[in-house]
Amino acid sequence: MKQKLRDFIKNWKWTPAKAGVVIGLGILGCYFFVDPMGMCVGCFIGQTLSWVEHSLTTNAVLFPGIPTVLQTTVIGMFAGALIGAVRAKEFHIRGGKPRFLLTSFLGGILISFGNFVAGGCPVRHGIVGLAGLAIESWIAFPAMIIGILLGVQLLRRLA
Amino acid sequence: MDSKQIIGLAIGVVMGYVSQRSRFCIQGAFRDLFLFKNNYLFKGYLAALLTFALVWLFGYRHAA
């Protein structure tokens, strides 16, 4: 029995389907305990930036020393990913071709622009919104899939 | 640090670890589905959506 349990733990592999269950529960936990936006790196960093801007433009105290809920969640997410990478001995610093670095830079700008202008977040629309039957999400998520199809066509043309 | 911050940190660590180990990605799921006809990541998205929807429904009924 003990050996069986040890084998089970040793052979456990996080496939996306198993991870999806944990991530669904995690987003639900974030929804109830942290912030009704669900779980989003972009949104949380955006809120942090607007908090800094608010501190700079008003007479509020800048950096009160206590990280907010959103900041600790984002820090925790990076820390968890780092722990996973180091434990699996996957952690190393990767270089890249200049073209790849440039496309990463432009893609990063595009995704944040879409996020802050229109809330284009696959977690917020694809999971929280679709499950919560929000009309905007039922419009936004098919539009996101159209965007992915356009990107796939572009990749096929380039390749 | 408030208890809320600790909960946020804990949820963040768990989700970061799990998504790093499994390569979970929603946009990547659709990219693999359309580009390579590969549903490996898409199962992860469906599992997350179903879990969220079911627990949401159950919790909503019992909270109301």
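The values are calculated or read from the model by the stated rules, or taken from the named source; none is laboratory data. Small disclaimer: the values here were computed from a predicted structure and weren't measured. Glycine gets a Cβ as well: all are built from the backbone with ideal geometry, and neighbour counts include every protein chain shown.
Counting only helices (runs of 4 or more DSSP H) that fall entirely inside region A:47-159 and contain at least 2 residues that are facing chain B (nearest Cβ under 8 Å), out of contact with any Ser or Thr (no Cβ under 8 Å at 6 or more places or on another chain) and modelled with pLDDT under 80, the qualifying elements are A:69-87.
Quick grid of which residues meet (1) touching a residue at least 12 places away in the same chain (Cβ under 8 Å); (2) hydrophobic (A, V, I, L, M, F, W, C); (3) more than 24 Å from A:ILE146 (Cα to Cα):
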site	(1), (2), (3)
B:ILE6	no, yes, yes
B:LEU9	no, yes, yes
B:SER22	yes, no, yes
B:GLY28	yes, no, no
B:LEU33	no, yes, no
B:ALA47	no, yes, no
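For beta carbons closer than 9 Å, sequence separation of 6+ or different chains, a first residue in region A:89-114 that is under 20 Å from A:ILE148 (Cβ atoms) and a second that is small (Gly, Ala, Ser) and at pLDDT 85 or above, the qualifying pairs are A:GLY114/A:GLY147.
In region A:125-142, the residues that are in contact (Cβ under 8 Å) with a residue 12 or more places away in the chain form Cβ pairs under 6 Å with partners that are crowded, with 17+ Cβ neighbours inside 10 Å and among the polar types (S, T, N, Q), at six or more places apart or across chains, as follows: A:HIS125/A:SER137; A:GLY129/A:SER137.
Taken together, B:LEU57, B:LEU49, B:LEU33 contain a single residue that is surrounded by fewer than 17 Cβ atoms within 10 Å (Cβ to Cβ) and farther than 18 Å from A:GLY84 by Cβ, which is B:LEU57.
With respect to the conditions (1) within 19 Å of A:LYS18 (Cβ to Cβ); (2) modelled with pLDDT of 85 or more, B:PHE36 falls short on a single one, namely (1).
Here B:GLY16, B:GLY28 are screened, and the one residue that is in a helix (DSSP H, G or I) and at the interface with chain A (Cβ under 7 Å from one of its Cβ atoms) is B:GLY16.
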